[in-house]
Amino acid sequence: MKQALSGDNRAYALLLGETSRLLKPFLSKRLSSGSDIDDLLQEILISVHKARHTYDGNRPYKPWVYAIAVFRLKDFLRIHYADQLHHAVELSEVEDYLLDPVTETVVSYESISGEVNKLPDKQATILRLMHHDGYTAKEIATKIGMNESAVKVAAHRAYKILKAKLVRP
Amino acid sequence: MKNIDDLISTLSKDATTIKIAPHPFNVGMGWIGVSAIYLVVLWIFSDVRHDLTLKLSDPWFVAELVMLIGILISSSFSAALLIYPDLYQKKNIAFLPIVVILVFALVIFFAWLANSPPAPLPIHSVECTISITLASLLPILWTLYLMRKFASTHTRLAGGISFILVFSIGAIWIRIYEQNDSILHVIQWHYLPMLGFGIIGMWLGKTALKW
């Protein structure tokens, strides 16, 4: 640093490079985004450059540079969280939705009956008997002359087709 | 990482010889010296209280003055350390004014107990606060201007301490100049406002010492 302060460009470039290598792990532990780390590291290096006249070389370098790094990190986090708060949704804006039941399904047989009718006949009949009329798989098997496992397999395939059609990605 | 390398290359090209900031103790001594000169100038214009010689035989008055000078000296050195990013690695001295202010509060408390029967309150009141503020305006602008040339990482504290520093100058000036023996008056209109201005300084320091 002493050489850098006396105008040695090469020594100064080396010092900044070493400082950057020193601070990278420090910032990586505290920030998750790689771009944030790079942005903040650049800001710290600029701050080191601006404040270099306050370092006289008669005391350890690391506490000086870490003081600047911590100062800039706190500033960065303050702005980051203030920004998050700025974009946060007010609780009062969503309290109406919060009252909606979350354990009840909003999908009823009636609401998807149009899609059920488009299924192959056998699958549509099984779903209709199961969910509209309230039959069990065993009762349906007896009623339409299939075995119980085949009814369950057919119902399962019907669910998969409906899921693919109704659930948006 | 390429951006970092580019930045290092740009910054290193700008690495001309620069003037190193003075040692913080020199900065602090400078502030104390200028404060002393400013006080003398203020007293030349305002004169001193008529019974000053008599009052200097009152131990509590002397203790109060000594503690005010203590605040001035400790806050000068503290402010000088607080303008360095790492407090010049002398953290303990930087926080010394807090201890001195606590001792000062104790001294004032005992002076108030000793002031029996209590001296009558002077007719004036807020005029003292206004006078201290006016006397401190020029020094605070000068101090903040000087502090901005450095790189404080404790901007709030540096702002607060610098305000206490300059208001202690005003408080010393008015204590020697004002014909008043009421401790209640000095607490209410000299020292509590001084602490209040310290808080304003903390608020202002955040903006004024940004770099």
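We did not get these values from a lab; they are worked out from the coordinates using the rules stated. This is a predicted model, so every value here is computed, not measured. Neighbour counts run over all protein chains shown; Cβ positions are idealised from the backbone, glycine included.
Brief remarks on what is shown
- Gyration tensor verdict on segment B:105-174 (Cα atoms; rounded if a/c is under 1.5, prolate if a/b is larger than b/c, oblate otherwise): oblate
- For A:Ile126, the shell of other residues with beta-carbons less than 15 Å away shows a net charge of +3, using +1 for Lys and Arg and -1 for Asp and Glu.
- Which of B:Val34, B:Val27, A:Val89 has the fewest Cβ neighbours within 10 Å, and the rest in rising order: A:Val89, B:Val34, B:Val27
- Which of B:Thr129, A:Ala69, B:Leu204, positive extreme of dipole for the protein assembly as shown (C-beta unit charges): A:Ala69
- Acute angle (nearest 10 degrees) that the helix B:192-208 long axis makes with the longest principal axis of chain B, alpha-carbon atoms: 10
- Average beta-carbon neighbours from other chains, 10 Å sphere, peptide A:4-15: 4
- For segment B:96-102, Karplus couplings with θ = phi - 60° (6.51, -1.76, 1.60), whole Hz, Gly/Pro x: 4, x, 4, 5, 4, 5, 5
- Karplus (6.51, -1.76, 1.60) ³J(HN,Hα), θ = phi - 60°, over segment A:148-153, in Hz, Gly and Pro reported as x: 4, 5, 5, 5, 5, 5
- Cross-link pairs beyond the 27 Å C-alpha cut-off, checked among B:Lys2/B:Lys206; B:Lys90/B:Lys149; A:Lys62/B:Lys206; A:Lys2/A:Lys29; B:Lys13/B:Lys90; A:Lys29/B:Lys2: B:Lys2/B:Lys206; A:Lys2/A:Lys29; B:Lys13/B:Lys90
- Counting neighbouring beta carbons within 10 Å and listing from fewest to most, the residues A:Thr125, B:Thr129, A:Thr142 come out as A:Thr142, A:Thr125, B:Thr129.
- GNM result for chain A, Cα springs below 10 Å: residue of A:Tyr135, A:Tyr12, A:Tyr55 fluctuating most strongly: A:Tyr135
- Counting all C-alpha pairs of chain A, share separated by more than 24 Å (%): 64
- Shape class for segment B:62-104: prolate, because the ratio a/c of the largest to smallest gyration tensor axis (alpha-carbon atoms, square roots of eigenvalues) is 1.5 or more and a/b beats b/c.
- Among A:Leu41, B:Leu102, the ranking by other beta carbons within 10 Å of each residue's beta carbon, starting with the fewest, stands as B:Leu102, A:Leu41.
- Here the Karplus curve 6.51 cos²θ - 1.76 cosθ + 1.60, taken at θ = phi - 60°, turns the phi angles of segment B:139-156 into couplings of x, 5, 5, 5, 4, 5, 4, 5, 5, 5, 6, 9, 9, 7, 9, 10, 4, 5 Hz, with x standing for Gly and Pro.
- Shape category assigned to the protein assembly as shown from the gyration tensor of Cα positions, a/c cut at 1.5: oblate
- Contact order normalised by residue count of chain B, Cα under 8 Å, 6+ apart, percent: 27
- With all pairs of different C-alpha atoms in the average, the Kirkwood value for the hydrodynamic radius of segment A:2-87 is 13.8 Å.
- Taking chain A and dividing mean pair separation by its residue count, relative contact order in percent (alpha carbons under 8 Å, at least six apart): 12
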